[in-house]
């Protein structure tokens with residue numbers, strides 16, 4: 001079965017190269033229980049290898065903090081051990097921690113920060129700029145709001161590997177393609193990743209038109 005699966009994976013890889021269009025930014029939605037389990041952290045390491053192989057330049061992993069009370073710092077420590085290279089941002093309520101670990105994709109780990117919180121933070125920052133006279137109200141536009149968000153680039157593809165779709169990146173993901181996996185994060189296989197990319201290539205992106 002492993003040989004047959006490997007042959008099938010190679011077949012899809014060839015199809016994807018012919019398709020040509022790969023997402024630049026992928027977002028994973030899962031749960032903290034799944035992400036920070038032993039199998040979940042191992043899957044994160046594997047997934048980083050998959051996106052590097054595909055040339056994907058940015059990854060956002062979004063997880064709740066349910067069941068992680070008092071364990072946030074340990075979770076961050078485990079993530080830092082796994083993330084060997086790349087520009088890494090770990091987003092927490094009221095805090096963002098950044099690390100530079102050489103060349104590699106941009107990696108965002110989001111724990112317990114919802115999209116509404118992010119937008120409120122952006123609005124407060126804009127009001128501060130107005131109060132300091134660094135910004136005029138008439139100059140505010142969508143680019144102004146985007147520049148104040150924790151993660152400015154929109155995800156091209158969102159993979160849901162949990163029971164619900166988190167509200168993080170609600171501003172940025174308005175035109176994102178959604179793909180719902182029928183397996184949990186820790187059970188995701190390379191073939192599932194390839195199928196998601198294949199589905200992305202088959203869709204016609206209209207960007208609201």
In vacuo Debye scattering of region 106-147, one point per C-alpha: log10 I(q)/I(0) at q = 0.24, 0.27, 0.32 Å⁻¹? -0.85, -0.96, -1.14
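Using 1/(1 + (r/R0)^6) with R0 = 41 angstrom and r between the beta carbons of residue 92 and residue 2, what's the FRET efficiency to the nearest 0.05? Write out the running numbers ahead of the final one.
On the way: r = 40 Å, r/R0 = 0.97.
For R0 = 41 Å, the calculated efficiency reads 0.55.
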Mind giving me the nanometre distance, one decimal, between the label points for residue 46 and residue 133, set 7 Å out from Cα along Cα→Cβ? 5.9 nm
Taking a point 7 angstrom from the Cα of residue 100 along the C-beta vector, which residues in region 73-93 have backbone N less than 14 Å away? 86-89
Residue 178/residue 144 FRET efficiency (R0 25 Å; Cβ-Cβ; nearest 0.05): 0.40
At q = 0.15, 0.20, 0.28, 0.31 Å⁻¹, what is the base-10 log of I(q)/I(0) for region 10-60 according to the Debye formula with one equal point scatterer per Cα and no solvent? Please give it to two decimals. -0.50, -0.78, -1.08, -1.16
What one gets for region 80-171 as the Kirkwood radius, inverse of mean 1/r over different Cα pairs in Å, is 15.0 Å
Which length gain, in nm to one decimal place, applies between residue 10 and residue 82 when the Cα-Cα distance is subtracted from 0.36 nm times their residue separation? 23.2 nm
Using a 10 angstrom cutoff on alpha carbons, build the Gaussian network for the chain and name the most mobile of 156, 128, 167. 128
Please report, largest first and rounded to whole Å, the three semi-axes of the ellipsoid equivalent to region 30-128, where each semi-axis is the square root of five times an eigenvalue of the C-alpha gyration tensor. 23, 18, 12
What order do you get for 78, 187 when you list them from fewest to most C-beta neighbours inside 10 Å? 187, 78
Contour excess over end-to-end distance, with Cα ends at residue 191 and residue 170 and 0.36 nm allotted per residue: 4.8 nm
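Using Cα-Cα distances under 8 Å and only pairs 6 or more residues apart, what relative contact order does region 42-183 have, in percent?
So the answer I get is 20 percent.
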What helix-only [θ] at 222 nm does the chain give? Using -39500 (n - 2.57) per DSSP H run of at least 4, over all residues, to the nearest 500, the answer is -13000 deg cm²/dmol
Based on the Cα coordinates of the chain, what is the per residue volume of their convex hull in Å³? 141 Å³
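Every read-out reported here was derived from the displayed coordinates using simple, explicitly stated rules and does not represent laboratory data. What you see is a predicted model; the values in this text were computed from it and never measured. Here the Cβ is made from the backbone with ideal geometry for all residues, glycine too, and neighbour counts use every protein chain on show.
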